[in-house]
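K.L.:
Questions regarding the structure given below will be posed in turn.
The values are calculated or read from the model by the stated rules, or taken from the named source; none is laboratory data. Here the structure is a predicted model, which is why all the values come from computation and not from measurement. FYI the Cβ positions are ideal-geometry reconstructions off the backbone, even for glycines, and counts take in every protein chain you see.
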Amino acid sequence: MSTVALVGLPNSGKSSLFNYITGNRQRVANFPGITVEKKFGEAFVGEEKLSLIDLPGVYTLDASSLDEKITRDYVFEKVKDDEADVFVLVVDATNLKKSLYLSFQLKELGKKFVVALNMIDIANKRGQKLDIERLSQKLGGAPVIPTVATEGEGVEQLLIAAQKMTLIEHQKFEIPNDYQRKIKETEYVRAKLAEVDQTLDEIVIDKIKADTVTQQIDSYVLHPFFGPALLFGILILTFQLLFSWSDPFMELIEMGFEGLANIATQVIPAGYLQSLVVDGIIAGVGGILVFLPHIVFLFMIIYFLEDVGYLGRAAFLLDFIMRKLGLPGKAVVPLLSSHACAIPGIMSARIIENRFQRMVTIMISPLATCSARLPVYTLLIGVIVPQKEVLGFLGLPGLVLFGLYLFGMLSAFAVAFIAKKTFAPTSPSYLMMELPPYRIPKIWTIVRGSLQKGWIFVKKAGTVIFVLSIIIWGLVTFPGAPKNADKPNIHYSYAASIGRTFEPIFRPLGFDWKITTALIPSFAAREVLVSALGTVYAVEGEDTEDESFVRDLSSIMSNEYSLGTLMALLIWFVFAPQCIATFGVMKKETGGYKMPIIFGTYTLVMAYFFSFITYHLFS
Amino acid sequence: MKLDSAQKKVRYIIKNILSVEDEITSRFYKLGIFPGIEIELLRKAPIFSDPLLFDVEGAQIALTKGEAQLVEVELKQELSCQQ
């Protein structure tokens, strides 16, 4: 079976072409050792089956971003498996100048390729006329097929041409050793651009007219007043939709797993096996799947904004502010989304091209106040803060809650600023980018892409999260209470031993062993702290949202602990514990354990530091 | 003059890229910004007028002020005046 690889510029319609050809016959996998996905698919030309690979979009072969390196290494045949027999170069017909650069590089490397002259309909509408035969000659005889990938126009001819190319014997071409260095030199670039220019002179019969629609839309979208107002509106709406769309699905998932747990409780006799299945496995899997709605919906929104062409504009509008923190304008997407949940937030950091900036964004996003902190904050604020009005209309508890949101975000900014000052980035960052023309989004591509994201999360981060949840279950369950024990099981668990062992370290923060013990299961998910405290104090009632449960626990807390301790615990939760899902997804997105370990350490240090100060301020 | 002091609705010709680093120069080149090309300021960002948005042969290119300072330009002589 022959292999066909799709290459092309970002936004050239490469994904649409891939989706059109492969339909539902596609699979997603990670590139070896790295975290960028590659997509596989199949196509048929008559009887013959072709295997298709979709490579990340690139402008040229001198790679600077992670995605670009993958495509470069693939074209340079550094990746040994599934080498391409033929390349399909997807070219944006409305932006030939940029696309031709890459096509000349493929020609120079002696690759067999077919050109898909995509979006030909728009180019025609804007009055462009080309000598396609001449273009083919210029590219060493590579067939040039005009296509409209979204409609499937020209796709069949393209595949036939690609299949014919596979029959031609491949002239093995050795890539010069210094090629990778050479193509970065100004002289090389200048010569290539001259070649492109000369080709354009020869093939363009009628020039393309300016995209006046885009410029008109931009006069509103980038307007000094309406621009920021629209941006603000879109960000707020994104945040709102993320909550309101995800909520019913999350409830459904939770209900489903509760039902499953009930069945398991009835079927399996009480004991360790039941506990393992119900509290370990079912709760663990449920804890992973509950993130899916957030991930899928956030990526739907992001892909939509990207497809329309808005994401670049948002980066343009926010660049100045974010640059002060050493971050690109686009970083606002992961930072904002992390207020719903850090998992999709961290995953969305991929829209940031610069590696250093992406890492910093991933490391600070979880400091945003996610929705899982709310039950903890609500409980503690309920205990600490009296129901008072400030300035006659603002409730004091609400103000404190707002203060915690603000404190989280300011801490994130502070960390970003320190990171910028401390670690000189290895590669300088640029804004320097093209704002693409506005386009009508392709809904199917958006939906499919975001569902794939969700599936990849389950597959790649799910295992880590699952294993960690089982470990935590083990810590809380074993070795189990002795006979005629008069206290709840957790008092005799390994978690309690750990809690007691570490108590001296946490005493300066005012935490006793009961709190440190309850902190252990809250690694699984922060909101578990509430039920864990309930377990430790053997509060009656299972439902943590039950009013009497919260009331009983609150009164115990306020009797047991001083204001200083409770305030310190509140501040502790701004930074730590970060849930295991955060670590799992961070490991996946940064490609190793280094970043999660650094992250875990710095958040613990900050949590300790600020809790210490708080405890002493309020004692 | 440098591109960061360009005015709207005036067309300029790029003279030179004032960077010694190949990587930066080639980044400019790949966005279509190199000597001989016409460029026009379309708009400035609402906050502190930074970054800037330019028209480069029909493509909209965003540059920070710092980046624009690396581009040397001159006013385009209107052909109608010469003929």
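K.L.:
For the stretch A:301-310, does any single residue satisfy the condition of being part of a helix (DSSP H, G or I), within 14 Å of chain B (Cβ to nearest Cβ) and not small (G, A, S)?
P.N.:
The answer is yes; a qualifying residue exists.
K.L.:
All but one of (1) more than 7 Å from chain A (Cβ to nearest Cβ); (2) free of Cβ contacts under 8 Å to residues at least 40 places away in the same chain; (3) polar (S, T, N, Q) hold for B:N16, so report the exception by its number.
P.N.:
For B:N16, the exception is condition (2).
K.L.:
Look at the stretch B:25-41 and say how many of its residues are more than 7 Å from every other protein chain (Cβ to nearest Cβ) and small (G, A, S).
P.N.:
Residues that pass the stated criteria total 1.
K.L.:
So, in the stretch A:574-599, how many residues would count as being farther than 21 Å from A:S348 by Cβ, buried (at least 17 other Cβ atoms within 10 Å of the Cβ) and at pLDDT 90 or above?
P.N.:
Summing the residues that are farther than 21 Å from A:S348 by Cβ, buried (at least 17 other Cβ atoms within 10 Å of the Cβ) and at pLDDT 90 or above in the stretch A:574-599 gives 2.
K.L.:
Moving on to the next point. Can A:L289 be described as surrounded by fewer than 22 Cβ atoms within 10 Å (Cβ to Cβ), more than 23 Å from A:A419 (Cα to Cα), modelled with pLDDT of 85 or more and out of contact with any Phe, Trp or Tyr (no Cβ under 8 Å at 6 or more places or on another chain)?
P.N.:
No, not satisfied.
K.L.:
Looking at the stretch A:311-341, which of its residues are surrounded by fewer than 22 Cβ atoms within 10 Å (Cβ to Cβ) and aromatic (F, W, Y)?
P.N.:
Answer for the stretch A:311-341, where residues must be surrounded by fewer than 22 Cβ atoms within 10 Å (Cβ to Cβ) and aromatic (F, W, Y): just A:F320.
K.L.:
Further, regarding this structure: In this structure, does A:G141 turn out to be surrounded by fewer than 19 Cβ atoms within 10 Å (Cβ to Cβ), out of contact with any strand residue (DSSP E or B) (no Cβ under 7 Å at 6 or more places or on another chain) and without any contact (Cβ under 8 Å) to a residue 12 or more places away in the chain?
P.N.:
The answer is yes for A:G141.
K.L.:
Another one. Would you check if there is a residue in the stretch A:147-161 being more than 36 Å from the chain's Cα centre (by Cα), hydrophobic (A, V, I, L, M, F, W, C), surrounded by fewer than 19 Cβ atoms within 10 Å (Cβ to Cβ) and assigned to a helix (DSSP H, G or I)?
P.N.:
Yes - at least one qualifying residue is present in the stretch A:147-161.
K.L.:
Okay, moving on. Would you point out the residue of the stretch A:82-121, among those that are basic (K, R) and closer than 20 Å to A:L52 by Cα, that is nearest to the other protein chains (Cβ to nearest Cβ)?
P.N.:
Applying the filter and picking the extreme gives A:K111.
K.L.:
Conditions first: (1) part of a loop (DSSP other than H, G, I, E, B); (2) closer than 23 Å to A:A194 by Cα. A:G127 passes all but one, so which condition is the exception?
P.N.:
Unmet for A:G127, out of (1) part of a loop (DSSP other than H, G, I, E, B); (2) closer than 23 Å to A:A194 by Cα: (2).
K.L.:
Can you work out which of the residues in the stretch B:1-41 that are of a type in the set (G, A, S) and in a helix (DSSP H, G or I) is surrounded by the most Cβ atoms within 10 Å (Cβ to Cβ)?
P.N.:
B:S26
K.L.:
Can you run down the residue pairs with Cβ atoms below 6 Å, 6 or more apart or on separate chains, where the first is in the stretch A:319-340 and touching a residue at least 24 places away in the same chain (Cβ under 8 Å) and under 15 Å from A:T238 (Cβ atoms) and the partner is in a helix (DSSP H, G or I) and β-branched (V, I, T)?
P.N.:
A:A331/A:T361; A:P334/A:T361
K.L.:
A further question on this structure: Give the stretch A:112-129 a look and list any residue that's touching a residue at least 40 places away in the same chain (Cβ under 8 Å) and under 34 Å from the mean Cα position of the chain (by Cα), or say none.
P.N.:
Scanning the stretch A:112-129 gives A:F113, A:V114, A:A116, A:N118, A:M119, A:A123.
K.L.:
Specify which of the listed residues (A:L273, A:L260, A:L242) is of a type in the set (A, V, I, L, M, F, W, C) and touching a residue at least 60 places away in the same chain (Cβ under 8 Å).
P.N.:
Going through A:L273, A:L260, A:L242 in turn, the sole match is A:L242.
K.L.:
Another question about this same structure. Among the numbered conditions (1) of a type in the set (F, W, Y); (2) under 22 Å from the mean Cα position of the chain (by Cα); (3) away from chain B (no Cβ under 14 Å), tell me where A:F423 comes up short.
P.N.:
(2)
K.L.:
Could you check, for the stretch A:595-607, whether at least one of its residues is part of a loop (DSSP other than H, G, I, E, B) and either under 24 Å from A:V467 (Cβ atoms) or not aromatic (F, W, Y) (or both)?
P.N.:
no
K.L.:
Of the residues that make up the stretch B:42-59, is at least one assigned to a loop (DSSP other than H, G, I, E, B), surrounded by 15 or more Cβ atoms within 10 Å (Cβ to Cβ), within 11 Å of another protein chain (Cβ to nearest Cβ) and under 9 Å from the mean Cα position of the chain (by Cα)?
P.N.:
No - not one qualifying residue is present in the stretch B:42-59.
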